[in-house]
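Since the structure comes first, as structure tokens, the remarks are kept for the end.
What follows is calculated from the coordinates using simple rules that are stated; it is not laboratory data. Quick caveat, the model's predicted, so the values are computed rather than measured. Cβ placement follows ideal geometry from the backbone for every residue including glycine, while neighbour counts extend to all protein chains displayed.
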Amino acid sequence: MTHLKKKVLIFIGFLPLIVFLFSCGKEPELEEYPFLTFEDRSIPSVYNCLDFDVVDEEIIFVCNNITIEQKIGFYHSPDGGKEWNKIGTIPYDFEFYDLDFKSISFVDEMNGIVVFNDFAYRTFDGGNTWNPITVTFPQNQEEQKLVFAGKNQNNQFILADFKAFSDSPDGIYVLNPTENEATMLYQFPNPNELHFSHGRINNNHLYLFTQQSSFGIKHILHLDLTNEKLDSLTPEDYNINTISDVVHGNDRYLLLYGKYSVRFYGDYEHFKYVGYATSFKSLAYLEQDDLFIVGGETAMHWHKNGAWETIRNEVGKGKIDGIDIKKMKVFSKDFLYLMGSHHFSKARIHEVE
């Protein structure tokens, strides 16, 4: 065998190793991952955003905490966040760090309700003026203390209230946009045993986060607003009191535990993301594609085909730069609105087959 043939055979023998070494340092192709593109819809010079609500694809309301003036400020966009108009404010007479904001809900461009601390305000003119809410509740003559306001798929207000001088939820009501008389959907049988924490509505499901006063055990009261069936989600878990969010889809419930893990109700395997300065803050569900999404500081993930995948930005770096997601609201199968403390964005999902 000639000297040249020996060199050729040696090279061929080491060829797989050479290919492997060259491929180790190479980043995966972008096409392997779903990713997002962003359109910045932020409100100039507005900070400390609290919450937002979307009436339709174009009409959006955002509220923020004006700490120096001790007011809640409101902004309206008629075109999906391209332009913003400053509208009314609601003053409060306590320190800004004591503000406990509960919810904002607009059923159309004119009618909205906000709830914070022990107060609830209502607008009939698109947020320009706000007045303490005055609603007649059946079967209860005591003064009410609303703790949450949302809306159902019929664009009616859904209200949760407390009895006066008590921390016990009394019932769940439905209220038509231009009326002052509410109709009871459900009355709590043992209200004195529960203490309200916070609530949310998604996909026409209402969740009220409460604690049992004697044991401190958290219960998630769940009302399906389609069939008006109420039950309780009470996971048997050592860290149940850390549950801060829940979303429903395809007969499954995804729970957010604290800042660093999510888990499907009834399962015991947690999905955890441990990264630099990263935590989870909000959940969402895209019904058309059966996708669960979790978002937080610098990263977003979705659950697809039985596994969690990272949603990357358009440059494929594995994180969403400059996005600190406090709230997410899905509007269609391919885009959603994202809100952080200092920004507002419209994100479009690009799914890669």
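Sorting 121-134, 279-292 by average packing, meaning the other beta carbons within 10 Å per residue, from highest down gives 279-292, 121-134.
Pairs Lys82/Lys346; Lys71/Lys259; Lys145/Lys259; Lys145/Lys281; Lys102/Lys281; Lys281/Lys329: which exceed 18 Å Cα-Cα?
Values: Lys82/Lys346 10 Å; Lys71/Lys259 29 Å; Lys145/Lys259 30 Å; Lys145/Lys281 27 Å; Lys102/Lys281 15 Å; Lys281/Lys329 13 Å.
Violating the 18 Å limit, Cα to Cα: Lys71/Lys259; Lys145/Lys259; Lys145/Lys281.
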